[in-house]
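**Q** Take this structure first; my questions come after.
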Amino acid sequence: MSSLRFSTFPGKRERHLLRKQHNPLFPEPQRTITPAQLEQAQRLDHEELVEFISGFRALVHEATQLPENAGSERILAIKERLDQTYEQAARMADDQHEIQQGVEKLVAVVMQAVRKGAGSDPLALQELADEEAARATHYALLAYPLVADLLDPDSVISEQELLPSLLSASPEALRAARSLFDPAQLEALAEAGKSLLDETPDVPDEARARLLELSLQRDN
């Protein structure tokens, strides 16, 4: 049997195969990864990466060519697309830190233009400060691939795979992912998690610890 050659920086599809591999929280047929499955995941991740880089270059060109008298709607549209690009980069294959740093620099330039448009309006300036704080928090969460994968509009993590994915995560990744759910959702996840572990033989101790962390969150 061919040995599996996983990537150093896997994309979202390959990353999800890694979550499933030998993981008792997933259905038994999904735990064994075949070379064909891995090859397909890597191919699709690479195709997505090529398309992403092409779009990123076009966006950089557009952002750097913005005229000084560009309207606020155009500036805000660029800023929104830059934020989306940062989020996309977080789930791509290969090391995307350089692209993310480039996005951050471009966002900073765009925000200067936005602040200039706000003038000395204290309410507008406060809203911009709040937005920048929220962006920093969001970018920090995206350092965890699990968060990036969950936020993906075309997420590889199905509803049925959400709990196994959460309960297989590192403590830090789970802590970051929890912030995506409201208290009612966390309570429902914790209850469903108890059922999942009760029905799963040979549950890893780490999964029980993650469930405890998920349950404690309900009281916070």
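**Q** Residues to consider are ARG208, ARG135; find the one that is open to solvent by 80 Å² or more (accessible area, probe 1.4 Å) and either modelled with pLDDT under 95 or of a type outside the set (Asp, Glu) (or both). Steps first, answer last, please.
**A** Details: ARG135 fails: open to solvent by 80 Å² or more (accessible area, probe 1.4 Å).
Being open to solvent by 80 Å² or more (accessible area, probe 1.4 Å) and either modelled with pLDDT under 95 or of a type outside the set (Asp, Glu) (or both) holds for just one of ARG208, ARG135, which is ARG208.
**Q** Let me confirm something: among LEU49, LEU141, which residue is touching a residue at least 12 places away in the same chain (Cβ under 8 Å), out of contact with any helix residue (DSSP H, G or I) (no Cβ under 8 Å at 6 or more places or on another chain) and surrounded by 16 or more Cβ atoms within 10 Å (Cβ to Cβ)?
**A** On the way: LEU141 fails: out of contact with any helix residue (DSSP H, G or I) (no Cβ under 8 Å at 6 or more places or on another chain).
The unique qualifying residue is LEU49.
**Q** Quick one: LEU123 ticks every box in (1) open to solvent by less than 70 Å² (accessible area, probe 1.4 Å); (2) of a type in the set (A, V, I, L, M); (3) part of a helix (DSSP H, G or I) bar one, so which box is it?
**A** (1)
**Q** β-branched (Val, Ile, Thr), closer than 23 Å to ALA134 by Cα and surrounded by fewer than 17 Cβ atoms within 10 Å (Cβ to Cβ): does that describe VAL103? Spell out how you get there, then give the answer.
**A** On the way: β-branched (Val, Ile, Thr): yes; closer than 23 Å to ALA134 by Cα: yes; surrounded by fewer than 17 Cβ atoms within 10 Å (Cβ to Cβ): no.
Answer is no for this residue.
**Q** Go through (1) assigned to a helix (DSSP H, G or I); (2) touching a residue at least 12 places away in the same chain (Cβ under 8 Å); (3) open to solvent by 80 Å² or more (accessible area, probe 1.4 Å) and name the single condition ASP94 misses.
**A** (1)
**Q** Looking only at region 57-71, count how many residues are closer than 16 Å to ARG81 by Cα, assigned to a loop (DSSP other than H, G, I, E, B) and open to solvent by 60 Å² or more (accessible area, probe 1.4 Å).
**A** Count: 1.
**Q** To continue, here is another question. Given the criterion polar (S, T, N, Q), within 17 Å of ILE157 (Cα to Cα) and open to solvent by 60 Å² or more (accessible area, probe 1.4 Å), identify the matching residue among GLN42, GLN37.
**A** Unique residue meeting the criteria: GLN37.
**Q** Right, next: Take GLU87 and tell me if it is in contact with a His (Cβ under 9 Å, 6 or more places away or on another chain), acidic (Asp, Glu) and in contact (Cβ under 8 Å) with a residue 24 or more places away in the chain.
**A** So GLU87 passes the test.
**Q** Something else now. Go through LEU146, LEU174, LEU162, LEU167 for me and flag whichever is in contact (Cβ under 8 Å) with a residue 60 or more places away in the chain and closer than 26 Å to GLU213 by Cα.
**A** On inspection, the qualifying residue turns out to be LEU167.
**Q** Next question, about the same structure. Somewhere in region 25-33, is a residue out of contact with any Phe, Trp or Tyr (no Cβ under 9 Å at 6 or more places or on another chain), outside any helix (DSSP H, G or I) and surrounded by fewer than 13 Cβ atoms within 10 Å (Cβ to Cβ)?
**A** Taking every residue of region 25-33 in turn, at least one turns out to be out of contact with any Phe, Trp or Tyr (no Cβ under 9 Å at 6 or more places or on another chain), outside any helix (DSSP H, G or I) and surrounded by fewer than 13 Cβ atoms within 10 Å (Cβ to Cβ).
**Q** Scan region 162-184 residue by residue and report those that are open to solvent by 20 Å² or more (accessible area, probe 1.4 Å) and either more than 20 Å from LEU142 (Cβ to Cβ) or among the hydroxyl-bearing types (Ser, Thr, Tyr) (or both).
**A** Across region 162-184, the qualifying residues are LEU163, SER168, SER170, SER179, PRO183, ALA184.
**Q** Step by step: first the residues of region 188-201, then only those that are open to solvent by 50 Å² or more (accessible area, probe 1.4 Å) and farther than 14 Å from LEU212 by Cβ, then the one that is nearest to the chain's Cα centre (by Cα). Which residue is that?
**A** ALA188
**Q** Kindly indicate which of GLN100, GLN84, GLN37, GLN112 is closer than 22 Å to LEU146 by Cα and over 20 Å from the mean Cα position of the chain (by Cα).
**A** Selected residue: GLN37, the only one of GLN100, GLN84, GLN37, GLN112 that is closer than 22 Å to LEU146 by Cα and over 20 Å from the mean Cα position of the chain (by Cα).
The values are calculated or read from the model by the stated rules, or taken from the named source; none is laboratory data. Computed from a prediction, not measured in an experiment: that's the story for all the values here. Here the Cβ is made from the backbone with ideal geometry for all residues, glycine too, and neighbour counts use every protein chain on show. Just so you know, the surface numbers come from the protein's heavy atoms only, side chains and all, with ligands and any DNA or RNA stripped out. Shrake-Rupley method; radii C 1.70, N 1.55, O 1.52, S 1.80 Å.
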